[in-house]
Amino acid sequence: MLVAGPCAAETEAQLMATAGELVAMGVTYFRAGIWKPRTKPGSFEGVGEVGLNWLRQVRQEYGLKVATEVATAEHLNTVRKYDIDAYWIGARTATNPFALQQLANAMTDEDHTVFLKNPVNPDVELWCGAVDRLLSVGVKHLVLVHRGFSIYNSRLYRNTPFWNIAIEMKRRYPTIPLLCDPSHMGGQVSLIEPLSQQALNFGYEGLMVECHANPECALSDRQQQLSPAQLREMLSRLVVRQTKDIPDELDVLRRKIDTIDETLFELLSQRIDVCRQIGKYKQQNNLTLFQNNRYTEVLAHYAAMAEEQGLSPRFAEQLFEQIHTESLRQQHELLNHSPADD
Ligand code: PEP
Ligand code: MN
């Protein structure tokens, strides 16, 4: 599924020009915001209801399905007068349970496609809550849109992806399509393609991409909007991967992974046994459980070893931290038993 179009509808000419370029690119929905949720007042807040006429015109003239953002029941009631095919609920609305519930109440037995962005903050349960509110009023065609999460002082991304959150949503709601919005995630043109490809590699069902006939003149989100030519080129390069297993080859490799993982577990369990013996020794000799010198040495040793073996040192450190924390926990548990218990 490809949802593409400008951040905002600005003028009739801008909207028609953009749609005219996108029609041949296999766009499933043409998107344009009519009411724009801006962080600070004073910037362009959308053209309002007049833009819905232009969206309807895009629909009639180019045969494209059209989508816009709704944040309140009032928006929804207005949008319903204009043959709009799909609505999206923005990240800020998805973050607010009151707003979401009010919108959901106005969407009872909703037949139109509803795109739900992730909430602004990286909270799986909050995103699930929004999904559940919409499903429970009978929204029939729900689509999730992963647009990244707002983090203070984020350097590279406008909104940090935290892919694991979207993957967890896919695990919980396997039948709900999941799209990636690389535009609001990346915040700059150079990141749109790598983020899109990464989402496709993970098996996302599609993309929502901002595209403007003339990005340098855009009234909002100027740095992240692709020109139609840039979008066309990106689409020609993106590789869509098979989501189905290729039975034999993949099965053999998975079997290998399973065997390795089982061995890892066995070794971890042996390691814990030794740790408990050490714990007993420390207890008998009244030694502290945590020995900083030893810990620092071992951590550095594994980070260096990881590098030699083609693993990331950071990964090795994190893994070892986890293992060490569990060892300490086990040894601590020993201390809480009186020796007579053993
Ligand atoms: C948008 O899609 O134009 C938008 C405002 O997105 P988000 O809610 O993800 O910030
Ligand atoms: Mn935008």
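Tell me, please, whether a residue that is within 16 Å of ligand 2 (Cβ to nearest atom), assigned by TED's automatic domain parsing to the domain that holds Trp127 and farther than 23 Å from Lys65 by Cα can be found in the range 227-245.
Scanning the range 227-245, I find no residue that is within 16 Å of ligand 2 (Cβ to nearest atom), assigned by TED's automatic domain parsing to the domain that holds Trp127 and farther than 23 Å from Lys65 by Cα, so the answer is no.
Restricting attention to the range 123-145, which residues are of a type outside the set (A, V, I, L, M, F, W, C), more than 22 Å from Thr113 (Cβ to Cβ) and either surrounded by 14 or more Cβ atoms within 10 Å (Cβ to Cβ) or within 16 Å of ligand 2 (Cβ to nearest atom) (or both)?
Residues of the range 123-145 that are of a type outside the set (A, V, I, L, M, F, W, C), as a first pass: 123, 125, 129, 132-133, 136, 138, 140-141.
Narrowing the set further to residues that are more than 22 Å from Thr113 (Cβ to Cβ) leaves 123, 125.
Hit for the range 123-145 is Asp123, nothing else.
Within the set of pairs 6+ apart or on separate chains, which have a first residue in the range 323-342 that is within 16 Å of Val274 (Cβ to Cβ), a second that is acidic (Asp, Glu) and modelled with pLDDT under 75, and C-beta atoms under 9 Å apart?
Leu334/Asp342
Which number in (1) surrounded by 18 or more Cβ atoms within 10 Å (Cβ to Cβ); (2) at positive phi marks the one condition that Asp83 misses?
The number of the failed condition is (1).
Quick one: which helices (runs of 4 or more DSSP H) lie wholly within the range 146-219 and hold at least 1 residues that are away from ligand 2 (no atom under 16 Å from the Cβ), buried (at least 16 other Cβ atoms within 10 Å of the Cβ) and of a type in the set (Asp, Glu)? Explain how you work it out, then say what you get.
Details: elements: 163-172, 182-186, 189-201.
Here the list reads 189-201.
Could you list, in sequence order, the residues of the range 1-20 that are within 16 Å of ligand 2 (Cβ to nearest atom) and either under 29 Å from Ile176 (Cα atoms) or outside any loop (DSSP other than H, G, I, E, B) (or both)?
Let us first name the residues in the range 1-20 that are within 16 Å of ligand 2 (Cβ to nearest atom), namely 3-10, 14-15, 18.
The answer is Val3, Ala4, Gly5, Pro6, Cys7, Ala8, Ala9, Gln14, Leu15, Thr18.
Taking the range 152-188, which residues are touching a Lys or Arg at 6+ places or on another chain (Cβ under 7 Å) and within 11 Å of ligand 1 (Cβ to nearest atom)? Let's see the steps before the verdict.
Restricting attention to the range 152-188, the residues satisfying the condition of being touching a Lys or Arg at 6+ places or on another chain (Cβ under 7 Å) are 159, 178, 181, 184-187.
Listed by number, the residues that qualify are Asn159, Asp181, His184, Met185, Gly187.
Look at the range 29-56 and say how many of its residues are of a type in the set (Gly, Ala, Ser), within 14 Å of ligand 1 (Cβ to nearest atom) and more than 28 Å from the chain's Cα centre (by Cα).
Kept after step one, since they are of a type in the set (Gly, Ala, Ser), are these residues of the range 29-56: 32-33, 42-43, 46, 48, 51.
Then keep just the ones that are within 14 Å of ligand 1 (Cβ to nearest atom); that gives 32-33, 43, 46, 51.
Okay, now just the ones that are also more than 28 Å from the chain's Cα centre (by Cα), so 51.
Total satisfying the criteria: 1.
Between Asp248, Asp261, which is surrounded by 10 or more Cβ atoms within 10 Å (Cβ to Cβ), more than 24 Å from the chain's Cα centre (by Cα), away from ligand 2 (no atom under 15 Å from the Cβ) and more than 25 Å from His184 (Cα to Cα)?
Working: Asp248 fails: surrounded by 10 or more Cβ atoms within 10 Å (Cβ to Cβ).
Exactly one residue qualifies, and that residue is Asp261.
Whether any residue in the range 15-28 is within 16 Å of ligand 1 (Cβ to nearest atom) and within 22 Å of Ile151 (Cβ to Cβ) is what I want to check.
No; the residues of the range 15-28 include none that is within 16 Å of ligand 1 (Cβ to nearest atom) and within 22 Å of Ile151 (Cβ to Cβ).
Please tell me if Val131 is outside any helix (DSSP H, G or I) and within 28 Å of Phe98 (Cβ to Cβ). Don't jump to the end; show me each part of the working.
Numbers: outside any helix (DSSP H, G or I): no; within 28 Å of Phe98 (Cβ to Cβ): yes.
For Val131, the condition - outside any helix (DSSP H, G or I) and within 28 Å of Phe98 (Cβ to Cβ) - is not met.
The values are calculated or read from the model by the stated rules, or taken from the named source; none is laboratory data. Keep in mind it's a predicted model, so treat the numbers as computed, not measured. Every residue, glycine as well, gets a Cβ built from its backbone with ideal geometry; the counts of neighbours run over all protein chains shown.
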